[in-house]
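For reference, the structure discussed in these notes is given below.
The values are calculated or read from the model by the stated rules, or taken from the named source; none is laboratory data. Note that the structure is predicted; figures quoted are calculated from it, not measured. A quick note on method: Cβ atoms are made from the backbone with ideal geometry, for glycine too, and the neighbour counts reach across all protein chains shown. Only protein heavy atoms, including side chains, enter the accessible area calculation; ligands, DNA and RNA are left aside. Shrake-Rupley method; radii C 1.70, N 1.55, O 1.52, S 1.80 Å.
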Amino acid sequence: MQATTHMKRRSDGRISIKSGNEVQLIMQLTILILTVLTVLAFLFFDYTGLDIQRAIQETAYNLKVMFLEPALSHFGWGEAIYQVGITLGLAFLSTILGAVLSFFLALSAATNLTNEWITKIVRIFLAFIRAVPTVLWVLIFAIAAGLGSEAAVLGMLFHSIAYLVKAFSEAFEEVDKGIIEALRATGAGWWHIVVHAILPSTFTYLMSWTFLRFEINFAVAVAMGAAAGAGGIGFELFMASSFYFDLREVGMITYMILVLAIILEVISTLLKNRYFPASIKN
Amino acid sequence: MNENRIRYKKNQQMIIVVLLLALVTYLSSVLTDFNILHGLATLPEAFIWIFSNLVVTEESLERMPTILDKLVETILMSIAATTTATILSLFLGVMGSKSVGTSKLLGILARFIASLSRNIPVVAWALILLLSFGQNSLTGYLALFVGSVGFLTRAFIEVIDESSQSAVEALQATGATYIQIIMKAVIPECLPQIISWILFMIETNIRNATLVGILTGTGIGYTFDLYYKTLNYHGVALVTVSIVVAVILIELLSNHVRKVIL
Amino acid sequence: MSLLTVQQLGKSYNNQNKVLQNVNFEVDAGEFISIIGPSGAGKSTLLRCINRMVDIDEGAVIFDGADVGTLNKKELRKLRTDIGMVFQHYNLVPRLSVIENVLHGRFGYKTTLQGVMGRFTEEEKERAFFLLEKLGIVEHAYKRCDQLSGGQQQRVGIARALIQEPKIVLCDEPIASLDPNASKIIMDHLKSITMELGITCIVNLHQVEVARDYSDRIIGLRQGQVVFDDVSHRLTLERTDVIYGTKTKPVPVVRELATV
Ligand SMILES: Nc1ncnc2c1ncn2[C@@H]1O[C@H](COP(=O)(O)OP(=O)(O)OP(=O)(O)O)[C@@H](O)[C@H]1O
Ligand SMILES: [Mg+2]
């Protein structure tokens with residue numbers, strides 16, 4: 001029978017049904033390695049002072065207090081809204097400055113607008129920027145430039161730029177070649193092309209990406225407030241939890257952040273569905 | 001001319017948007033006490049400071065073993081958080097997907113859980129967990145886990161809904177059970193995308209682990225914080241460099257895997 | 001007794017106008033039947049009522065003595081193992097190997113766990129290889145399905161249906177995405193399933209010629225109603241026109257023909 005000559009058998013003599021190609025192999029290997037590392041992680045964790053049963057019970061109790069009895073005690077609603085405003089402000093400033101800078105960087109990173117090695121240098125530079133966690137950027141600038149909102153905004157700027165340059169340059173690369181060539185043929189200069197062809201045809205797209213980054217930056221700004229003393233509602237969250245141990249206040253602050261985050265998420269989902277083809281993800 | 005009028009209108013819209021943004025920028029600067037000129041002015045100084053102080057010296061290299069130890073702990077923590085979150089997220093992702101979900105109610109529930117864990121910031125989870133789990137790896141792990149569940153569930157829902165569903169119908173017609181269909185048709189079809197998201201999440205979690213570490217006193221974040229607070233800038237530099245190297249290495253590795261499987 | 005009886009079958013999606021109404025026919029074991037009709041006539045819906053991929057609204061479908069509409073989950077699973085299905089777009093898992101896709105046809109006979117673990121007996125695997133050989137694609141057994149041509153993929157689909165050891169195979173436009181050559185190969189294989197294995201075939205088709213060439217009997221569907229049901233050679237041009245509505249004929253004529 002011809003069929004038997006095409007059968008592959010495993011070492012135990014049973015017929016194999018896996019295709020065994022490279023893709024399958026790499027995927028299995030990846031899963032295997034990650035599983036082993038996970039097991040190792042749990043073996044090597046430092047469990048000092050942990051009473052798991054008590055911890056779970058306490059956490060459950062804490063969550064209950066937080067979410068079912070939220071209240072503000074160390075500051076009033078006016079102050080709370082002011083602090084939320086600061087967080088939003090920090091997020092907005094780092095986003096908008098990031099967007100402006102990214103626009104110019106992206107022009108030099110888009111393969112259809114500049115030569116190849118500039119593109120490469122920009123990309124390597126961005127990979128480096130991305131590799132440093134935002135909190136480290138903020139803390140480093142806090143000592144380097146003196147503490148203040150400037151440090152927070154500068155620190156948050158880096159990842160915003162890394163994110164937006166990638167998005168923007170891809171948007172620029174999709175601009176119709178014909179438009180650029182037509183303008184070039186009329187003798188238009190590089191800036192002329194940018195202002196009259198690139199910018200108008202990508203503007204809404206750039207705005208949407210900028211908003212998506214704003215959504216992310218809101219969460220980052222909260223985190224920076226808590227971990228890097230950048231102020232705003234994140235800092236209040238940190239104080240309520242680590243300084244006053246006031247679970248009700250933690251709960252109320254969490255609710256405020258949650259509501260804002262969900263509003264921002266809903267808007268970005270709408271933007272994504274409206275302006276982006278299905279294939280693009282954040 | 002009509003075309004001109006459209007262009008004019010579009011330009012007008014652009015100008016309005018830009019003006020609005022400028023206004024909000026101004027308000028934000030006032031609110032946050034942010035001075036762009038001051039920021040720019042200190043920038044050269046800041047970079048000079050960085051390049052003269054944040055250098056790795058031979059002396060600081062002696063701390064390398066401790067730092068490596070913490071770095072490994074942090075990487076393992078991030079991987080463990082991601083893989084375990086993946087298991088839960090696959091359940092939630094299947095439940096929440098429109099194409100293979102079983103019921104509307106469960107779907108809403110899955111998406112609600114994902115939304116909560118995603119939109120409550122990781123720092124909040126870290127601070128809450130710190131209160132009862134104390135200063136140990138599990139706290140950091142759990143904070144990352146919760147955040148990952150939210151993010152991965154949303155990603156998996158999208159992956160499943162965008163993947164081809166035709167085999168599902170065929171397997172239903174053979175009399176296969178729901179779980180068989182999910183495990184043998186839906187998951188295999190989505191696996192490359194799923195792995196790609198897992199790798200992305202690991203990268204993200206390593207960066208987030210630094211943040212969570214600073215708050216919960218665990219992993220490389222704690223080491224950084226220690227050096228930072230004792231003004232040991234050579235230590236700060238070394239920690240930063242090792243994080244950068246680790247993240248870039250992992251990113252290169254992930255990109256290689258992605259290139260093969262996608 | 002006939003293998004399949006469709007009685008007064010009616011179906012509508014979301015309570016809108018009827019997709020199927022008063023459909024009656026019987027199918028004997030070993031028959032090769034084509035269903036033809038214009039787009040939207042309800043051909044796919046009719047096939048899917050037989051293995052209850054869509055719910056039955058009115059009337060009954062009796063398959064092998066069982067009232068399909070009243071089966072519980074477990075009985076329905078059992079029923080579906082007896083009914084193979086072949087699709088226009090093959091409906092394979094593109095990333096998996098040919099042999100894995102063929103063996104998917106055995107899930108209906110397995111517990112959930114066996115299926116998930118991929119526990120197939122040696123006999124099942126050998127049977128899969130045997131079928132692939134019969135269909136002439138055994139050399140591709142370990143290839144990924146997305147590396148095969150359409151005709152080859154459809155043969156994988158047929159193998160998946162046959163490994164179920166079904167009593168009937170339902171084919172929903174199996175050749176609509178194929179070129180004439182590949183179409184002929186697929187139709188020949190389907191025909192030989194009936195001739196050699198004695199398995200009943202119901203095939204939805206768009207090509208009237210193909211239907212006439214291959215089937216014993218043709219059912220013509222128009223706007224959810226059976227307007228022709230007879231042996232193939234009785235399908236004249238005139239009657240084809242009625243099914244497809246290519247010439248405007250007054251409705252009574254349709255009724256008249258339906259009772260032929
Ligand atoms: N899942 C569904 N929900 C709602 N309406 C449907 C659904 N499936 C089919 N229909 C409608 O039922 C009618 C019959 O569809 P069906 O797919 O059975 O026709 P068909 O004869 O197979 O057509 P084609 O030759 O184009 O495949 C069509 O009007 C279609 O719009
Ligand atoms: Mg159809």
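Assorted remarks:
- Sorted largest first, the principal axis extents computed over the alpha-carbon atoms of the stretch C:91-165 equal 33, 23, 17 Å.
- Debye-formula intensities of the stretch A:3-43, expressed as log10 I(q)/I(0) at q = 0.16, 0.28, 0.32 Å⁻¹, are -0.60, -0.91, -0.99 (one equal scatterer per alpha-carbon, no solvent).
- Stretchable slack from residue A:199 to residue A:121, in nm (0.36 nm times residue separation minus alpha-carbon distance): 25.7 nm
- Per residue of peptide B:185-192, the mean number of Cβ atoms on other chains within 10 Å of the residue Cβ is 4.
- When each of the peptides C:156-168, B:225-237 is scored by how many other beta carbons lie within 10 Å of its residues on average, the order from highest to lowest is C:156-168, B:225-237.
- Low-density loop cleavage sites - trypsin sites (Lys or Arg not before Pro) in the stretch A:1-102, where at most 14 other Cβ are within 10 Å (DSSP): A:8, A:10, A:14
- Spherically averaged projected area of the convex hull of Cα atoms, the stretch B:2-53: 5.6 nm².
- Dividing the C-alpha radius of gyration of the stretch A:136-235 by 2.2 N^0.38 Å, with N its residue count, gives 1.45.
- Kirkwood-based Rg to Rh ratio, the stretch B:165-262, C-alpha trace: 1.28
- Kirkwood estimate for the stretch A:204-282, i.e. one over the average of 1/r between Cα atoms, Å: 13.8
- Given +1 at the Cβ of Lys and Arg, -1 at the Cβ of Asp and Glu and no other charges, the dipole of the protein assembly as shown around its Cα centre is 1060 debye to the nearest 20.
- For peptides C:208-218, A:22-32, sequence by mean Cβ density within 10 Å, most packed first: C:208-218, A:22-32
- Here chain C is treated with +1 on each Lys and Arg Cβ and -1 on each Asp and Glu Cβ, and its dipole about the Cα centre works out to around 660 debye.
- Its Kirkwood hydrodynamic radius, worked out from the mean inverse distance over all distinct Cα pairs, puts chain A at 23.2 Å.
- Modelled spin labels at residue C:22 and residue B:248, positioned 7 Å past Cα toward Cβ, are 7.9 nm from each other.
- Base-10 log of normalised Debye intensity for chain B (one unit scatterer per alpha-carbon) at q = 0.10 Å⁻¹: -0.74
- Note on the protein assembly as shown: percent of Cα-Cα distances in each 20 Å bin, starting at 0 and stopping at the bin with the largest distance, equals 14, 37, 30, 18, 2, 0.
- When the accessible areas of A alone and B alone are added and the area of the pair subtracted, with a 1.4 Å probe, the result is around 7000 Å², both sides summed.
- Most mobile of A:41, A:223, A:142 in a GNM of chain A (Cα contacts under 10 Å): A:41
- Considering only C:180, B:132, B:142, the residue lying farthest towards the positive end of the dipole of the protein assembly as shown is C:180, judged by Cα position with unit charges set on Cβ.
- Across the accessible surface of the protein assembly as shown, with the other protein chains kept in place and a 1.4 Å probe, carbon and sulfur atoms take up 62 percent.
- A simple packing score, the average count of other Cβ atoms within 10 Å per residue, orders the peptides B:13-24, A:204-215 as A:204-215, B:13-24, with the highest score first.
- Counting only other chain Cβ atoms within 10 Å of each residue's Cβ, the peptide B:202-208 averages 3.
- Extending 7 Å from the Cα toward the beta-carbon at both residue A:48 and residue A:266 defines two label points whose distance is 4.6 nm.
- For chain C, the percent of C-alpha pairs falling in each 5 Å distance bin, counted from 0 to the bin holding the largest distance, reads 1, 6, 13, 17, 19, 16, 13, 8, 5, 2, 1, 0, 0.
- Our estimate of slack between residue C:237 and residue C:55, defined as 0.36 nm per intervening residue step minus the Cα-Cα distance, is 62.1 nm.
- Residue-by-residue Karplus 3J(HN,Hα) for the stretch C:47-62, coefficients 6.51, -1.76, 1.60, Hz, glycine and proline x: 4, 6, 6, 5, 9, 6, 6, 10, 6, 8, 8, 10, x, 9, 10, 9
- Averaged over the residues of B:103-113, the number of partner chain Cβ atoms lying within 10 Å of the residue Cβ comes to 0.
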